[in-house]
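The values are calculated or read from the model by the stated rules, or taken from the named source; none is laboratory data. Note that the structure is a prediction, hence the values are computed from the model and not measured. Note that we place each Cβ from the backbone using ideal geometry, even for glycine, and neighbour counts take in every protein chain shown.
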Amino acid sequence: MDDAAASGPRHPGPPAPEVRTPRILVGPEPDAQLQQAVRDGRCEVAQDVADAGGVVWTGNDPQELLDLLHDGVRWVQLPNAGIESWLSAGLLSPHRAVTSARGVYGHQVAEHALALVLACRRRIAEAARTDSWSNEALRGAPLRDATVVVVGSGDIGRSLLAMLAPLQCRTVAVTLRGNPVPGAGTTLPADRVNEALEQADVVVLAAPSTVRTVGLLDARRLALLKPTAYVVNVGRGNLVVTDDLVEALAAGRLAGAALDVTDPEPLPDGHPLWSSPRVLITPHTANPPAVKQASFARRVTENCALLQAGEPLVGVADAELGY
């Protein structure tokens, strides 16, 4: 007699619980590239939010998203790195993970920041506006041996520091707690930002908008800068008090500024910043749409794969930090 017969008839055990592949809605409008990114992450594309356990959102209206959500949606992927408007709208919930695009767009924005830093030191904005060959007043300076202060140590700040390294400038990173940042010559905590500003030849703002950073560069701190210093903002427009910046430029207390973001945004037609000869404005063009979309699709695939595997997601929003 074989072993099977000796042990008696075999009965099947209880059925294994069904493991459902996560179904993810891409909205508010369908997007083929992002739907493919969901599939690449081994999740299914939901056609209706009622059947969705997650949402990849591409819109800009927090209330539109909140009106759509139900208790079965356990994950929302936002397309932005800065999500202060989403947090203030009450998107965070104990039963729902919300992930931002933090860390997605750093390299391309850092490239733009580097271009603006070089444009400042080389006085490109002023040279582009001249209508005479006389160049005595337009001689810029190299970046070598200059001090570049980078406020914010996220993906943008770290990518920029890596790009600055071959140019042989001195770099100071300002972070919330002052933990060492790779690529920075010196790292200072946020409560020593004034010390960093006093030595800056160029200040690059690459921080998120939080209660700690809104209005960071106001009249008092702008006065700490050398009159030969430049301000570059690729973070959020409200990190700078715009009226104070306009006044400092008009009074000659600042060499110039290069701004990809402003407060207000869009910057109104006729605003003094448009006509200031020492200001270079790139109206929120640091992250070109096609490049932004491709980068965001990679994050969607990454987080879908993690969701499907039951692993921690990337870029989870933190209400306390504000991003």
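Descriptive notes on the structure:
- So Arg144, is it out of contact with any Pro (no Cβ under 9 Å at 6 or more places or on another chain) and touching a residue at least 24 places away in the same chain (Cβ under 8 Å): yes
- Residue in the range 302-315 that is assigned by TED's automatic domain parsing to the domain that holds Gln77, under 13 Å from Tyr105 (Cβ atoms) and under 15 Å from the mean Cα position of the chain (by Cα) present: no
- Boolean, Val38 is outside any strand (DSSP E or B), of a type in the set (A, V, I, L, M), more than 30 Å from Val279 (Cβ to Cβ) and without any contact (Cβ under 8 Å) to a residue 60 or more places away in the chain: no
- Residues of the range 162-178 satisfying the condition of being in contact (Cβ under 8 Å) with a residue 24 or more places away in the chain and among the polar types (S, T, N, Q): Gln168, Thr171
- Among the residues of the range 266-323, those identified as over 29 Å from Gln33 (Cα atoms) and among the polar types (S, T, N, Q) are Ser275, Ser276.
- Residue within the range 307-315 that is surrounded by fewer than 20 Cβ atoms within 10 Å (Cβ to Cβ) and part of a helix (DSSP H, G or I) present: yes
- Only listed residue being in contact with a Leu (Cβ under 6 Å, 6 or more places away or on another chain) and outside the structural domain of Leu87 (by TED's automatic domain parsing), chosen from Val181, Val232, Val202, Val241: Val232
- In the set (1) under 19 Å from the mean Cα position of the chain (by Cα); (2) surrounded by fewer than 22 Cβ atoms within 10 Å (Cβ to Cβ), the condition left unmet by Leu161 is number (2).
- Test: residue in the range 107-129 that is modelled with pLDDT under 95, acidic (Asp, Glu) and touching a Leu at 6+ places or on another chain (Cβ under 7 Å): yes
- Test: residue in the range 105-126 that is among the polar types (S, T, N, Q), in contact with a strand residue (DSSP E or B) (Cβ under 9 Å, 6 or more places away or on another chain) and closer than 27 Å to Leu273 by Cβ: no
- Set Leu205, Leu197, Leu259, Leu216: member being more than 20 Å from Leu161 (Cα to Cα) and either out of contact with any helix residue (DSSP H, G or I) (no Cβ under 8 Å at 6 or more places or on another chain) or of a type outside the set (D, E, K, R) (or both): Leu216
- Of everything in the range 142-178 that is among the hydroxyl-bearing types (Ser, Thr, Tyr) and outside any strand (DSSP E or B), the residue that is farthest from Ala119 (Cα to Cα) is Ser153.
- Taking the criterion of being of a type in the set (A, V, I, L, M) and crowded, with 22+ Cβ neighbours inside 10 Å, the residues of the range 197-215 that qualify are Leu197, Ala200, Val202, Val203, Val204, Leu205, Ala206, Ala207.
- Looking only at the range 67-99, residues that are closer than 20 Å to Pro312 by Cβ, over 19 Å from the mean Cα position of the chain (by Cα) and not aliphatic (A, V, I, L, M) come to 6 in all.
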